[in-house]
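Notes for the one structure printed next.
The values are calculated or read from the model by the stated rules, or taken from the named source; none is laboratory data. Keep in mind it's a predicted model, so treat the numbers as computed, not measured. All Cβ positions, glycine included, derive from the backbone under ideal geometry; neighbour counts span all protein chains shown.
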């Protein structure tokens with residue numbers, strides 16, 4: 001029976017937002033929003049715990065809080081004496097501080113010995129902690145990753161980490177909404193990272209500021225969950241608060257059987273709720289943009305912000321602004337010359353953007369029966385212990401090692417370069433991570449962002465390369 | 001909701017008259033404001049010497065004589081005028097911690113990133129977005145005397161007044177020098193009722 005008056009059509013965001021409003025927004029006060037999942041790591045939490053401890057406050061919902069160590073942790077194995085090769089005593093002390101804070105407040109920590117440890121935005125989905133319709137926060141801007149499930153997921157600062165620890169709530173103004181329709185299908189050899197870079201270059205570095213992006217359209221539906229995570233992950237690189245994808249059967253199938261997902265009848269009931277979160281027909285967005293996926297090619301950045309990206313096989317652009325000129329000067333790239341063929345010193349595969357099993361498979365497919373150029377140093381850091389186990393079970397690590405790459409322990413590694421995994425001054429890296437800022441991968445380091453396939457092809461060539469020119473051992477059919 | 005007078009955690013911010021420091025580059029990201037390798041600290045203080053570290057020092061650690069932050073006295077340069085889209089990138093609150101520890105109390109750009117804005121307002125640092133014309137005049141006048149008036153929500157400079165917007169609750173917290181946590185804690189009964197209703 002149709003209701004006499006159809007309800008006001010609502011977007012996915014509207015539905016998730018409304019169900020988490022503890023107290024509505026008023027002119028003099030933001031909405032008070034409840035948080036379902038708070039992910040914590042060693043780098044942005046110590047001052048928040050100190051604040052709680054100084055005020056004599058408890059963590060209100062340790063049951064909704066999960067901690068991991070990933071940012072400043074070494075990716076080389078412990079020595080014979082069992083000591084982990086931390087970059088500094090301070091890095092080690094920060095991990096110890098998180099351990100102490102978690103023990104004191106009863107928070108589950110995925111520590112070194114845990115089979116669940118990994119990069120915070122890899123383990124949430126992988127463990128089935130991230131569900132559609134949740135509000136997920138973390139003191140990390142790439143929390144937008146979890147939006148792939150139709151969760152409202154965003155990064156917060158350390159003061160807000162303290163607010164959530166103490167109250168499980170946050171003050172938030174309602175963001176604006178932007179729908180990004182990506183129609184058509186991605187051509188062969190073009191992946192989610194290429195799509196993400198195309199989105200960021202289309203929107204511009206601040207084009208999403210103040211907005212939550214809902215990614216829709218055939219190309220988004222056609223992505224697996226890992227591809228959707230890559231896409232949502234880089235929403236922040238356009239300045240957006242969050243990225244979201246409507247939950248569908250792909251999301252439900254991904255979550256079924258995950259360790260922390262509901263089980264049995266509870267799962268079926270949850271799945272029904274999750275599928276009902278998709279936006280209603282006719283729901284209004286504050287902005288709409290569309291992109292054609294079928295026209296996309298492998299992408300690479302040429303500048304020092306993630307929006308400064310173009311087709312990997314395009315010429316390095318002629319700078320039209322002082323910002324672009326400065327970026328090309330920093331990158332030591334010459335306008336008009338092809339980017340392909342630019343000598344590469346370092347290749348990094350990993351991070352919350354591209355450290356999942358499908359990413360490692362894409363890189364390994366190109367490296368199989370090949371060797372990387374001897375001048376290139378290549379690091380592969382799986383996104384989690386679970387990804388590492390899966391990759392090793394498939395023999396991917398042997399492909400990487402045989403090709404001449406280093407197979408590291410899970411962690412953020414060379415993406416944020418605060419654990420000692422650094423690109424040396426002036427060296428050029430092709431990296432599957434998310435930021436190519438000046439010095440991001442080490443002081444003076446130059447970074448080209450690209451997909452795992454492009455990174456692997458570049459490692460083989462010893463120079464920026466188009467992965468489509470590297471025939472991948474053909475699959476059946 | 002009334003903002004209840006609690007003990008100010010920060011110096012209340014009402015109006016500020018100071019000279020400006022201009023960093024004209026667009027898209028100054030939080031990795032420039034404080035590089036990630038310095039985030040292994042357990043403290044939120046003492047980060048001023050690391051502000052803009054890699055722009056400010058030679059690789060060996062010697063200060064670059066021609067970099068503006070090395071040529072001014074921080075005490076009378078409390079307003080940073082930056083190029084478009086300031087504070088983009090990571091959520092690290094170390095960025096406003098480093099800027100305030102250096103001595104800044106306000107940042108003016110055409111656009112300030114969301115998470116940076118949220119973090120700044122909680123640390124006594126006022127992010128201000130102005131129109132392109134006002135911004136261009138400020139960029140062209142390093143060291144200018146500027147008044148930032150949070151009560152009036154105005155920037156006054158060179159005989160002209162430019163209004164700016166600031167999220168009202170963040171403004172109230174800044175004016176009173178208080179952190180929002182106390183207000184959220186005062187809502188605990190409502191939060192508990194919300195959780196109870198959801199669990200039912």
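Tell me, yes or no, whether region A:278-295 has at least one residue that is in contact (Cβ under 8 Å) with a residue 60 or more places away in the chain, closer than 30 Å to residue A:63 by Cβ and within 25 Å of the chain's Cα centre (by Cα).
Yes, region A:278-295 contains at least one residue that is in contact (Cβ under 8 Å) with a residue 60 or more places away in the chain, closer than 30 Å to residue A:63 by Cβ and within 25 Å of the chain's Cα centre (by Cα).
Give A:370, A:389 a once-over and let me know the one that is within 20 Å of residue A:128 (Cβ to Cβ), in contact (Cβ under 8 Å) with a residue 40 or more places away in the chain and not in a strand (DSSP E or B).
A:389
Tell me the residue from A:435, A:446 that is within 20 Å of residue B:30 (Cα to Cα), within 14 Å of chain B (Cβ to nearest Cβ) and within 19 Å of the chain's Cα centre (by Cα), please.
Just one listed residue meets the conditions, A:435.
Can residue A:113 be described as crowded, with 16+ Cβ neighbours inside 10 Å, farther than 30 Å from residue B:171 by Cα, within 26 Å of the chain's Cα centre (by Cα) and without any contact (Cβ under 8 Å) to a residue 40 or more places away in the chain?
no
Do we have residue A:426 as part of a loop (DSSP other than H, G, I, E, B) and out of contact with any helix residue (DSSP H, G or I) (no Cβ under 7 Å at 6 or more places or on another chain) here?
Yes; evaluated as a whole, the condition is true for this residue.
Does residue A:96 satisfy being at pLDDT 95 or above and either under 26 Å from residue A:278 (Cα atoms) or more than 9 Å from every other protein chain (Cβ to nearest Cβ) (or both)?
It is true that residue A:96 is at pLDDT 95 or above and either under 26 Å from residue A:278 (Cα atoms) or more than 9 Å from every other protein chain (Cβ to nearest Cβ) (or both).
Cβ-Cβ below 6 Å, separation at least six or inter-chain, first residue in region B:33-51 and more than 8 Å from every other protein chain (Cβ to nearest Cβ), second surrounded by fewer than 22 Cβ atoms within 10 Å (Cβ to Cβ) and not in a loop (DSSP other than H, G, I, E, B): which pairs?
Pairs found: B:47/B:101; B:48/B:101; B:48/B:102; B:50/B:38; B:51/B:102.
So, in region B:141-157, of the ones that are under 19 Å from residue B:12 (Cβ atoms), touching a residue at least 60 places away in the same chain (Cβ under 8 Å) and in contact with a helix residue (DSSP H, G or I) (Cβ under 9 Å, 6 or more places away or on another chain), which residue ends up surrounded by the most Cβ atoms within 10 Å (Cβ to Cβ)?
Looking at residues that are under 19 Å from residue B:12 (Cβ atoms), touching a residue at least 60 places away in the same chain (Cβ under 8 Å) and in contact with a helix residue (DSSP H, G or I) (Cβ under 9 Å, 6 or more places away or on another chain), I get B:150.
Test residue A:130 against the stated conditions and say whether it is in a loop (DSSP other than H, G, I, E, B) and under 22 Å from residue A:434 (Cα atoms).
Answer is yes for this residue.
What about residue A:153, is it in contact with a helix residue (DSSP H, G or I) (Cβ under 9 Å, 6 or more places away or on another chain) and in a strand (DSSP E or B)?
yes
Looking only at region A:69-83, count how many residues are on the phi < 0 side of the Ramachandran plot and either outside any loop (DSSP other than H, G, I, E, B) or more than 14 Å from every other protein chain (Cβ to nearest Cβ) (or both).
Final tally of qualifying residues: 8.
Do you know which of the residues in region B:71-83 that are surrounded by fewer than 20 Cβ atoms within 10 Å (Cβ to Cβ) and either within 14 Å of chain A (Cβ to nearest Cβ) or touching a helix residue (DSSP H, G or I) at 6+ places or on another chain (Cβ under 6 Å) (or both) is farthest from residue B:134 (Cα to Cα)?
The residue in question is B:74.
Taking the stated definitions as given, is residue B:165 more than 13 Å from every other protein chain (Cβ to nearest Cβ), within 27 Å of residue A:25 (Cβ to Cβ) and outside any strand (DSSP E or B)?
When the stated conditions are applied, residue B:165 does not pass them.
For region A:166-181, indicate whether the set of residues that are assigned to a helix (DSSP H, G or I), crowded, with 22+ Cβ neighbours inside 10 Å and in contact with a strand residue (DSSP E or B) (Cβ under 8 Å, 6 or more places away or on another chain) is non-empty.
No, region A:166-181 contains no residue that is assigned to a helix (DSSP H, G or I), crowded, with 22+ Cβ neighbours inside 10 Å and in contact with a strand residue (DSSP E or B) (Cβ under 8 Å, 6 or more places away or on another chain).
With respect to residue A:170, determine if the residue is at the interface with chain B (Cβ under 9 Å from one of its Cβ atoms) and closer than 29 Å to residue A:280 by Cα.
For residue A:170, the condition - at the interface with chain B (Cβ under 9 Å from one of its Cβ atoms) and closer than 29 Å to residue A:280 by Cα - is met.
Yes/no matrix, rows are residues, columns are (1) within 25 Å of residue A:225 (Cβ to Cβ); (2) in contact with a helix residue (DSSP H, G or I) (Cβ under 8 Å, 6 or more places away or on another chain):
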position	(1), (2)
A:367	yes, yes
A:371	no, yes
A:385	yes, no
A:398	no, no
A:405	no, yes
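Of all residues in region A:124-136, how many are in contact with a helix residue (DSSP H, G or I) (Cβ under 6 Å, 6 or more places away or on another chain) and within 14 Å of chain B (Cβ to nearest Cβ)?
Selection size over region A:124-136: 2.
Could you please let me know if residue A:161 is closer than 30 Å to residue B:193 by Cα, under 21 Å from the mean Cα position of the chain (by Cα) and touching a residue at least 24 places away in the same chain (Cβ under 8 Å)?
yes
Output the residues belonging to region A:334-356 that are surrounded by fewer than 21 Cβ atoms within 10 Å (Cβ to Cβ) and more than 17 Å from residue A:466 (Cα to Cα).
Within region A:334-356, A:334, A:335, A:336 qualify.
Which number in (1) part of a helix (DSSP H, G or I); (2) more than 27 Å from residue A:146 (Cα to Cα); (3) at the interface with another protein chain (Cβ under 9 Å from one of its Cβ atoms) marks the one condition that residue A:53 misses?
With respect to (1) part of a helix (DSSP H, G or I); (2) more than 27 Å from residue A:146 (Cα to Cα); (3) at the interface with another protein chain (Cβ under 9 Å from one of its Cβ atoms), residue A:53 is out only on (3).
How many of the residues in region A:341-353 are more than 13 Å from residue A:428 (Cα to Cα) and either more than 21 Å from the chain's Cα centre (by Cα) or outside any loop (DSSP other than H, G, I, E, B) (or both)?
4
Any residue that is within 14 Å of chain B (Cβ to nearest Cβ), buried (at least 19 other Cβ atoms within 10 Å of the Cβ) and under 25 Å from residue A:112 (Cα atoms) - is there at least one of those in region A:390-410?
no
Please state which of the following conditions residue A:48 fails to meet, knowing it meets all the rest: (1) out of contact with any strand residue (DSSP E or B) (no Cβ under 8 Å at 6 or more places or on another chain); (2) farther than 27 Å from residue B:167 by Cα.
The number of the failed condition is (2).
Name the residue, out of A:90, A:60, that is buried (at least 19 other Cβ atoms within 10 Å of the Cβ) and either in a helix (DSSP H, G or I) or within 10 Å of chain B (Cβ to nearest Cβ) (or both).
Of A:90, A:60, the one residue that is buried (at least 19 other Cβ atoms within 10 Å of the Cβ) and either in a helix (DSSP H, G or I) or within 10 Å of chain B (Cβ to nearest Cβ) (or both) is A:60.
Which one of these does residue B:194 not meet: (1) more than 29 Å from residue B:25 (Cα to Cα); (2) crowded, with 18+ Cβ neighbours inside 10 Å; (3) in contact with a helix residue (DSSP H, G or I) (Cβ under 9 Å, 6 or more places away or on another chain)?
Residue B:194 satisfies every listed condition except (3).
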